[in-house]
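Only the coordinates and a few stated rules stand behind these numbers; no lab work does. As the structure is a computational prediction, the values presented were derived from the model and not from experiment. Note that each Cβ is placed from the backbone with ideal geometry, even for glycine, and that neighbours are counted across all protein chains shown.
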Amino acid sequence: MPLEHPRFRERELNVFVKRDDCLHPIMSGNKWRKLKYPLQAALADGVRTIVTMGGRWSNHLHALAYACGQLGLRSVAMVRSDVGEPLTACLRDCRAWGMELRFVSRGEYRQLRESPPDELLASLEQARWLPEGGATALAMQGVGEIWDELGDEVDHLITACGTGATVAGLAANAPVGSRVSGVAVLKGEAFLAEDIGDLLSEAGSNRRDNWRLWHDYHFGGYAKATPALLEFVRQSEAEFDLPLEPVYTGKMLYGFMERVKQGAFARGSRIVLLHTGGLQGQRGFGKRTARAQ
Ligand SMILES: Cc1ncc(COP(=O)(O)O)c(C=O)c1O
């Protein structure tokens, strides 16, 4: 969908939004892309149980719970949560779709980022681990398919960046001449680029020069927001007739508009903003604290 704005006309920019939020009412955005091949492989390999991890408003858990329910797979999630925190609307959905929730402390959650819960995996029937956000080389393959749907030449593709798997998948599969910019939604100056490099290596890709990260638009960290960001999201939704949320797509669009102001794009550039979905997370925004993500 084309995006119109006086600033784009002034600078002769051709801006489009790739509406991956419209892929499916529940498994939307990059979740559809990232889960497609890992779940196909799990079914082909006779896996019966998917075990994963996520926060209380995780888009990954939400999409995975739904997909596993549809595919007849058991799903188990290690959920980062403080004692006594109530179930979020997101977790209630996950449970309704059959996901088993196991609550872990922040410390245990950090540990899971380093190493999967081997004992638990061994105790479950035909279980397979999916890391946080579903960030794997197979996930990158699904993300890469976005390019097949973009048609004309794209100079810049802009996306929100959390674990980095979406940037890595786009960069690994980008046509020559297309650049990928990831708007970091968390404070990850050093480790994010390293993680993306690792994912690219794992996928056997040597693309190192066609992507970059913008670190100036995280608004204090993951799922943190200022009144200015919330107001920007509200205004942009109305101005562009585009549903957004403040955790991912709102920061992506904010970062992009700032870079346009700074004159970061050459005249005549064709730019695609990737709408990575995540709109379910909007439901609890405002009620929850940033720490409770
Ligand atoms: C809606 C949305 N957009 C963007 C991202 C960032 O994707 P990635 O973790 O692959 O960097 C996520 C998290 O996975 C997400 O839920």
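The slack between residue 40 and residue 14, meaning 0.36 nm per residue of separation minus the straight C-alpha distance, is 5.7 nm. In a reduced charge model with +1 at each Lys and Arg Cβ and -1 at each Asp and Glu Cβ, the stretch 29-134 shows a dipole moment near 400 debye about its Cα centre. Here 158, 26 are placed in order of increasing Cβ neighbour count within 10 Å, fewest first, which gives 26, 158. Restriction of the GluC sites (Glu not before Pro) in the stretch 178-217 to DSSP coil positions whose beta-carbon has at most 16 other beta-carbons within 10 angstrom yields 189. Under the simplified labelling scheme, the residue 102-residue 7 pair shows an inter-label distance of 4.7 nm, with each label point 7 Å from Cα along Cα→Cβ. When the Gaussian network model of the chain links Cα atoms closer than 10 Å, the mean-square fluctuations of 29, 84, 188 top out at 84. Secondary structure note: in the chain, about 5% of the DSSP beta bridges are antiparallel. Pick out which of 76, 104, 272 has the largest mean-square fluctuation in a Gaussian network model of the chain, springs linking Cα atoms closer than 10 Å. Taking springs between Cα atoms under 10 Å, the residue moving most is 104. The mean of 1/r over all pairs of different alpha-carbon atoms in the chain, once inverted, gives a Kirkwood hydrodynamic radius of 19.4 Å. Each Lys and Arg Cβ is given +1 and each Asp and Glu Cβ -1; about its Cα centre, the chain then shows a dipole of about 560 debye.
Comparing 226, 276, 136 in a Gaussian network model of the chain where C-alpha atoms under 10 Å apart are linked, the largest mean-square fluctuation is found at 226.
For the stretch 132-213, a simple Cβ point-charge model (Lys and Arg +1, Asp and Glu -1, everything else neutral) yields a dipole of about 220 debye relative to the Cα centre. Using only Cα atoms, find the angle between the long axis of helix 191-202 and the longest principal axis of the chain, and express it within 0 to 90 degrees, rounded to the nearest 10. Between the helix axis and the principal axis of the chain, the angle is about 80 degrees. When the chain is described by a simple charge dipole with +1 on each Lys and Arg Cβ and -1 on each Asp and Glu Cβ, the residue from 249, 103, 122 located farthest towards its positive end is 103.
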